[in-house]
Amino acid sequence: MNKNSLFAILLRSPWWISIAVGAGLFALARAMLPEAYAPYAIFTALPFLVIGSYAGWQQLRAPSAERIAATLESLRALSWDEFSRALENAFRRDGYSVSRLNIAGADLELTKSGRVSLVGCKRWKVARAGIEPLRELDATRQAREAHECIYVAAGEITENARAFAAEKNIKLLHDAELAKLLLDVKRLQAR
């Protein structure tokens, strides 16, 4: 799905917006259709009601801001071995085959459905991540002919680094996304 399509935008928006659009379309269709076809007005609103329901379900399952902050604090307290083990377990839980790498720029190699992704995560604790680790990760991706790159950071990512990541199609895994992936740090540490 195109990230700028109406349905993609509605999926990222609060659930009630889709429901409101659906209700508005339903009311408009009821008013515009002849009386014989008025019962079918629900079909104009149905896609928006489904998207609103799905978005609501996703938003209900999303962790609170307090839980995300607590998880990020727990992550920053981990050693490199604990953090990398938790990250490996989380990716395995999501269906990836995970291998550790001892090369500059990338720390993990993920494989799923024949696609190879490189993960750079050794500098996850820095307060502000700049562009240099992303350049190293991109160079490693090109050298290993990987399909994609993922850069993991628990701190802030500079605007230059964000622009570089967007230009080179490097996925940034930080803040809320990282916390969601590693929500149960204590449980993952125990493995």
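Please treat every number below as a calculation from the coordinates, not as lab data. Computed from a predicted model, the values in this text were never measured in an experiment. We place every Cβ from the backbone using ideal geometry, glycine too, and count neighbours over all the protein chains shown.
Taking every DSSP beta bridge that has both residues in the chain, what percent is antiparallel when rounded to the nearest 5?
Approximately 50 percent, going by the DSSP bridge assignments.
With springs connecting C-alpha atoms under 10 Å apart, model the chain as a Gaussian network and identify which of Phe91, Phe83, Phe26 has the largest mean-square fluctuation.
Ranking Phe91, Phe83, Phe26 by mean-square fluctuation puts Phe26 first.
Working from Cα positions, state the angle (0 to 90°, nearest 10) between the long axis of helix 80-93 and the longest principal axis of the chain.
Value to nearest ten degrees: 40.
For mean projected area of the Cα convex hull in nm², several values are listed as [x] 16.0; [y] 13.5; [z] 9.5; flag the one computed from this structure.
Here mean projected area of the Cα convex hull in nm² agrees with entry [y].
Please find, in a Gaussian network model of the chain (springs between Cα atoms separated by less than 10 Å), the residue of Ile68, Ile157, Ile103 whose mean-square fluctuation is greatest.
Residue with maximal mean-square fluctuation among Ile68, Ile157, Ile103: Ile103.
Just how far, in whole angstrom, is region 1-75 from region 77-109 if you go by their alpha carbon centroids?
Taking the Cα centre of each part, region 77-109 and region 1-75 sit 35 Å apart.
Can you tell which of Leu33, Phe91, Ala106 lies farthest toward the positive end of the dipole of region 1-131, using +1 and -1 charges on the Cβ of basic and acidic side chains (Lys, Arg; Asp, Glu)?
Among Leu33, Phe91, Ala106, the one farthest towards the positive end of the dipole of region 1-131 is Ala106.
Any lysines with Cα under 20 Å of the Lys3 Cα? List them, leaving off those in the same chain fewer than 8 positions away.
Lys168, Lys171
By counting other Cβ atoms within 10 Å of each Cβ, how are Trp124, Trp15, Trp80 ranked from fewest to most?
Lowest count first: Trp80, Trp15, Trp124.
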